[in-house]
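Below: the structure, in structure tokens.
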Amino acid sequence: MADAQETVTGIKLHSVYLPLKNPISDAKVLTGRQKPMTEIAILFCEIETSEGHRGLGFSYSKRAGGPGQFAHAKEIAPALLGEDPNDIAKAWDKLAWAGASVGRSGLAVQAIGAFDVALWDLKAKRAGLSLAKLLGAQRDSVRCYNTSGGFLHTPLDEVLVNTTRSREKGIGGIKLKVGQPDWALDVKRVSAVREHLGDAFPLMVDANQQWDRPTAQRMGRIFEQFNLIWIEEPLDCYDAAGHAALAAQLDTPIATGEMLTSVSEHWDFIRQNGADFLMPDAPRVGGITPFLKVATLAEFAGLTIAPHFSMELHIHLAAAMQREPWVEHFEWLEPLFNERLAVKDGRMIVPTRPGLGVSMSEQAAAWTRETAAFGEIR
């Protein structure tokens, strides 16, 4: 007699708000488009099965969208009850159809991302493997660079201290925010950091979509002298043609993709040669299932993947990429988890614990504003 099919029997959602130590400003703040960021909304999803297996997933939102993600997740969660947790692609489609009237990108798929990550975490744990090993790891460590020390609210002298601290910690690259209304200030900051780091140490810049095409061309030419790994989001995140023109004209590679929230949006950039480095964000694109589709398309196009944010998740996905990727080191989410990622010799070490290798901390529980449960949670 065949064994009974394992099914999803319980789901628990948590709306957690992570406070940041200092208000964060990038070019979008200095141009008046956004307010400084003071917190990050995290959507945690716990999934339990009839066989007692459990998975943990998460998605997030910055500045706005947290309540909407949580509300949408509550609406679609019941659709997953009774489903086989092994059939992750089928589960993704069912959740997408459950909320089809709000589309298959943006907030809707970001809510699905938390469920999808939880199902992958569950599958890897059940197999006794890290997520990287389940996916087929290519490496046990990944190049990493730090972003959090180079935001525009940080004075230049403090940025230099932060870069030194990152290097001493074992971080392999530094990214600076640029895109200020006074472009000369950008050049001053990048020049000072390049001199501080030396000519060979990996350095990136990120304009956060704040340049128009002529400005991006001028700034790209000025920045050629600094031997940058890439210029990130020089233009509006949906301007594939503009990014493609820059990629063709400049020696410095172009990186973008973090704001895109569907496979089709990434494909638009890939087919137009709009990036040298593609930067998909698994929670934003709807989880690991669509992320892997984006990564496959990028691989065939000859692009390098550099996932955005969420290093606790992306370290595993980057480990499975064929081409050597970059992973963004952002320590902001660390208080949410009991575990920490190790860094050594410019690389982030891939965890060997089963699944994602993380568990929610007591601090995450303390920051929880709302929960919702479906089915039976043991």
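I need the phi-derived Karplus couplings for the range 198-203: 6.51 cos²θ - 1.76 cosθ + 1.60, θ = phi - 60°, integer Hz, Gly and Pro marked x.
Taking θ as phi minus 60°, the curve returns x, 5, 9, 5, x, 9 Hz for the range 198-203.
In bins 5 Å wide, starting from 0, what share of all Cα pairs of the range 28-128 does each bin hold, as a percent?
2, 13, 22, 21, 16, 11, 7, 4, 3, 1, 0
Over the chain, with the other protein chains present, what is the accessible area per residue in square angstrom, probe 1.4 angstrom? Intermediate results must be reported in sequence, preceding the final value.
Details: 15270 Å² over 378 residues.
Here the per-residue accessible area is 40 Å².
Identify the residues of the range 75-106 with backbone N under 20 Å of a label point that sits 7 angstrom from the Cα of Ala301 along the Cα-to-Cβ direction, or state none.
The answer is 104-106, whose backbone nitrogens lie closer than 20 Å to the label point.
What is the list of residues in the range 336-378 whose amide nitrogen lies under 20 Å from a point 7 angstrom out from the Cα of Ser50, following Cα to Cβ?
Only 374-378 fall inside the zone, counting backbone N under 20 Å.
Return the distance in nm (one decimal) between the two label points of a simple spin-label model at Asp212 and Ala184, each offset 7 Å from Cα along Cα→Cβ.
2.1
Any lysines with Cα under 21 Å of the Lys188 Cα? List them, leaving off those in the same chain fewer than 8 positions away.
List returned: Lys28, Lys175, Lys177.
About the Cα centre of the chain, how large is the charge dipole given +1 on each Lys and Arg Cβ and -1 on each Asp and Glu Cβ? Please answer in debye to the nearest 20. Before the final figure, lay out each step's value.
On the way: 39 positive and 46 negative charges, 68 e Å.
For the chain, the charge dipole is close to 320 debye.
Taking a 24 Å limit on the Cα-Cα distance, which of the listed pairs Lys133/Lys293; Lys125/Lys169; Lys21/Lys62; Lys74/Lys133; Lys123/Lys169; Lys21/Lys169 fall beyond it? It would help to have the intermediate numbers written out before the result.
Numbers: Lys133/Lys293 18 Å; Lys125/Lys169 30 Å; Lys21/Lys62 15 Å; Lys74/Lys133 31 Å; Lys123/Lys169 33 Å; Lys21/Lys169 20 Å.
Correct reply: Lys125/Lys169; Lys74/Lys133; Lys123/Lys169.
Choose one of Ala306, Pro325, Phe291: the residue whose Cα lies farthest towards the positive end of the charge dipole of the range 277-342 (beta-carbon charges +1 Lys, Arg; -1 Asp, Glu; about the Cα centre).
It is Phe291.
May I ask you to derive the FRET efficiency for Thr38 and Arg353 from their Cβ-Cβ distance with R0 = 25 Å, giving the value to the nearest 0.05?
Values: r = 32 Å, r/R0 = 1.27.
Rounded to the nearest 0.05, the efficiency is 0.20.
Taking R0 as 25 Å, what's the FRET efficiency between Glu376 and Ala342 from their Cβ-Cβ distance, rounded to 0.05?
Working: r = 37 Å, r/R0 = 1.48.
It comes to 0.10.
Under the rule a/c < 1.5 gives rounded, and otherwise a/b versus b/c splits prolate from oblate, where does the range 161-288 land using the Cα gyration tensor?
oblate
Going by Cα centres, the range 108-124 and the range 226-299 are how many Å apart?
The range 108-124 and the range 226-299 have Cα centres spaced 22 Å from each other.
Within the range 175-327, what whole-number % of the accessible surface is contributed by carbon and sulfur, with the 1.4 Å probe and all protein chains included in the calculation? List each step's numbers first, then the result.
Working: 2620 of 5190 Å².
Carbon and sulfur atoms account for 51 percent of the accessible area of the range 175-327.
Given the Cα-Cα distance of Arg323 and Trp97 and 0.36 nm per residue of separation, how much length would full extension add, in nm?
Numbers: separation 226, 0.36 × 226 = 81.36 nm, distance 3.36 nm.
Contour length minus the Cα-Cα distance gives 78.0 nm.
What is the ratio of the Cα radius of gyration of the range 274-378 to 2.2 N^0.38 Å, where N is its residue count, to two decimals? Could the numbers behind the result be given before it?
Numbers: Rg = 15.7 Å, N = 105, 2.2 N^0.38 = 12.9 Å.
For the range 274-378, the normalised Cα radius of gyration comes out at 1.21.
Give the carbon-plus-sulfur fraction of the accessible surface of the range 1-69 in %, rounded to a whole number; probe 1.4 Å, heavy atoms of protein chains only. Don't jump to the answer; show the numbers that get you there.
On the way: 1550 of 3120 Å².
Carbon and sulfur: 50 percent of the exposed surface of the range 1-69.
The values are calculated or read from the model by the stated rules, or taken from the named source; none is laboratory data. Bear in mind that the values here come from a model prediction, so they are computed numbers and not experimental data. Don't worry about glycine lacking a Cβ; one is built from the backbone with ideal geometry, like all the others, and counts go over all protein chains shown. Accessible surface areas use protein heavy atoms only, side chains included; no ligands, DNA or RNA. Shrake-Rupley method; radii C 1.70, N 1.55, O 1.52, S 1.80 Å.
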